[in-house]
Amino acid sequence: SENSDKSSAESDSETEEEQVSVYHKLLATLKTSPESESEEEEDESESEEAGESETEMDSEGSQETGEADGGEEDKNDVPDKEEATATAEQTLGQEQADGADTSRDPSDGVIEEFTDVKHESEFSLETNFMEEESGDCNADKRDSNSSQAFSEDPFKQHMDKELEEKEVEKMSTLPKTSSQSKWPSLGQLTFSSTLEKHKTLKADKEVDVKQLYLHKPLESTWPKVNKQFLSSVNKPSDSFFTPLQRELFCIMNTYRDLFYPERNALTNGEEIRHAYCLHALNHILKANAQVLSNNAKRRDQKPGTDNDNYRDQGLTRPKVLMIVPFRECALRIVHIFISLLEVNDKRKIDVSNKKRFKGEFGSDPEEKPPNLKRPEDYEAVFAGNIDDHFRIGVAILQKSMRLYAPFYSSDIIIASPLGMRTIIGAEGEKKRDFDFLSSIEILIIDQADIYLMQNWEHVLHLMKHINLLPLDSHGVDFSRVRMLNLNNWSKYYRQTLLFSALQDPQINFVFNKHCFNYMGQVAVRNVPLSGSISHVVVQLPHVFRRLDAENLTSVIDTRFQFFINKVLPEYRDAIMSHTLIYVPSYFDYVRLRNYFKKEELNFTHICEYTKKAGVCRARRFFLKGEKQFLLFTERFHFYKRYTIKGIRNLIFYELPTYSHFYSEICNMMKATDNGVDATWTCTVLYSKYDAQKLAAVVGIDRTAQMLQSKKSVHLFVTGEN
């Protein structure tokens, strides 16, 4: 990975030539735009396949199980095959709706209906002027007349900064320098930057809304939209943000990259969503106002005058890309945008295609079975429409919003990783398109932890195709394009906001290796003082067995050999029946399943692809002791949260991705009321590369001791400890 990053950095530096030849070079590299869509089934994510089989289970009857919750219906989890097929067919229309393939022949029949042609001129940045909204025009004129206001606006400071080639070369080659700071709400922060002149940011105790440089009408609408999160505890001088929002927005508004790994769907999820929606909308309104104002200035200038001061655009129009896991998330984001743009009930904004949007992204509350019982965090994550294959373009111009805008006419793109994967396509495919990602200025990845349960490869694939030079000009006026875009330096100006419920090496890799913002990065790095093991309510001895791997690539094979040679022999005896083996990785699960079959062990298995009937059989066999072992995948638990009864012995083949899954699985033992709790056991395999997961389970102090020790660690946890 590091080598690939270096090679890409080298190729970037090779393209950094004198600005005199930039136009000629860019024009010479333009090719005919390939067709943009890719609908091959092999591009469908693991998560969607998982979803298909998951609810196939639900569609079958519950007559095969004798236990109380074995046949409970779960229609609100992941789409079944019929729904997935319908979604795929709907997505074909959706792709035309989002305008990704506007070059198709209109004889296809669907193209005109879905590309919203009648609103194209109304939302065009090239043909509109700021005079239509004189208030904003005057504000912009005041800004231009006041050099102080011009220089202090974070948006203008960031986008108007002209990097030198030496600075770009430094960011491409030199390591980042970091510093630490502690903030009241966010906690421990790590600031990192390659450019030394950027100093550590300090938290603002109070926020003056005028100092935030919010664009109209956000100054007046934000307090109304955000008041649901504000309590009476807030000071009158700080009546706009919660303490968490204030500190997050303080960082966002400086255009630094941000990684916040403590997002919780139950507590602060909506707070965070409102904060980044405010930032994204503020950015779009400022950028569009600048273009419209310059349109008026260009129109009024004398013919034949050549002015190079109107460089205010990228190579393509989309500026903000928001990656979210489910349609429900996109629905909530659009509703926040609408609320922020509506000054009052009398001044409603015009939203194109709103009815269709609600129909495709909304959900029917009656679809959910009333007797379904799941943990609160599950209900919060899987609320509403949980289809994970979608993308939609949004255009915003003054008092109007256009949903289902063609991507090249959109300001904001809201999509799932799978939705982006199917349009980006793979190398060698004829129908693929990623030019619309060339000038993304803000990338927001929300709920990144869920993509680990879907298909993380889609996220990596997206990161490799963002901020590349487009293959076609797409009708751009090169005299209006910023030099940073022409120089192929867009990635050094892109702000990345990454929100997750946990810290994970794969998420850290994206933040550390795919974020190049010249303003630097800010990461929240709080260490867990007490782990999820404190939430285990059953009296249970926990044995943590350390395995030593030479390097990160060999840990997978080392873990497998350690398990079959040292752990499994201890459980082969019939007295160690009712053993559940929790396996986070599907690939490890397949490897273990094949080994168990080869050794002819008495076992059953449940994974995210197991049908309902198979799940019921496996649960019944395991409960009655007819099968000694049960292989159980983490993704099945994530999407289903079934209670597995009959567990007497637990083996965590690897520490769970979500720390609270550890206590949930352990607490399933209390569902076994047979009075033999004295024989219960729990064994956990870990290596030094599992430090983050281990700290989330046992706490930071115990983790330090366990990583220093070469021996197995025995912990006995009671309900109070």
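The values are calculated or read from the model by the stated rules, or taken from the named source; none is laboratory data. Only a predicted model underlies this, so the values are computations on that prediction, with no experimental measurement involved. Positions of Cβ are generated from backbone atoms using ideal geometry, with glycine treated the same way; all protein chains shown enter the neighbour counts. What goes into the accessible areas is simple: the full protein's heavy atoms, side chains included, and nothing from ligands, DNA or RNA. Shrake-Rupley method; radii C 1.70, N 1.55, O 1.52, S 1.80 Å.
Listing for the model above:
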| read-out | value |
| --- | --- |
| Apportionment of accessible area to carbon and sulfur, segment 532-718, percent (1.4 Å) | 51 |
| Area of Tyr213 that stays accessible when all protein chains are in place (1.4 Å probe, Å², to 10) | 60 |
| Estimated D of segment 311-414 in µm² per second, where Rh is the Kirkwood radius over Cα pairs and Stokes-Einstein applies at 10 °C, 1.306 mPa s | 103 |
| Surface accessible to a 1.4 Å probe, per residue, for the residues of segment 532-718, Å² | 41 |
| Val537-Lys302 FRET efficiency (beta carbon distance; Förster radius 51 Å; 0.05 resolution) | 0.05 |
| Label-to-label distance, nm, for residues given as Leu707 and Lys373 (7 Å Cα→Cβ offset) | 4.0 |
| Solvent-accessible area, 1.4 Å probe, carbon plus sulfur percent, for segment 429-529 | 57 |
| Heavy-atom accessible surface of segment 291-390: percent carbon and sulfur, 1.4 Å | 46 |
| Added length on full extension, which subtracts the Cα-Cα distance from 0.36 nm per residue, Ala574 to Glu599 | 7.5 nm |
| Filter on Lys156/Lys319; Lys355/Lys431; Lys373/Lys640; Lys216/Lys286; Lys627/Lys670 - keep pairs with C-alpha separation over 18 Å | Lys355/Lys431; Lys627/Lys670 |
| Candidate residues His605, His535, His158: accessible-area rank, largest first, probe 1.4 Å | His535, His605, His158 |
| Val351 long-range amide H proximity, modeled H, under 5 Å | Met401 |
| Listed residues Val698, Val476 arranged by accessible area, highest first, probe 1.4 Å | Val476, Val698 |
| Segment Lys346-Glu165, extension gain: residue separation times 0.36 nm, minus the distance between their alpha carbons | 60.0 nm |
| 17 Å reach of a label modelled at Val590, 7 Å along Cα-to-Cβ, counting backbone N of segment 600-642 | 605-611, 632-636 |
| Extended-chain gain in nm, criterion 0.36 nm per residue less alpha-carbon gap, Ser124 and Ser179 | 15.4 nm |
| Accessible surface of Glu328 - all protein chains present, 1.4 Å probe, nearest 10 Å² | 30 |
| With all protein chains modelled, accessible area of Thr190 [1.4 Å, Å²] | 30 |
| Accessible area per residue, Å², segment 292-394 with all protein chains present, probe 1.4 Å | 47 |
| Per residue Cα convex hull volume in Å³ - calculated over segment 532-718 | 113 |
| 18 Å reach of a label modelled at Lys216, 7 Å along Cα-to-Cβ, counting backbone N of segment 275-299 | 282-297 |
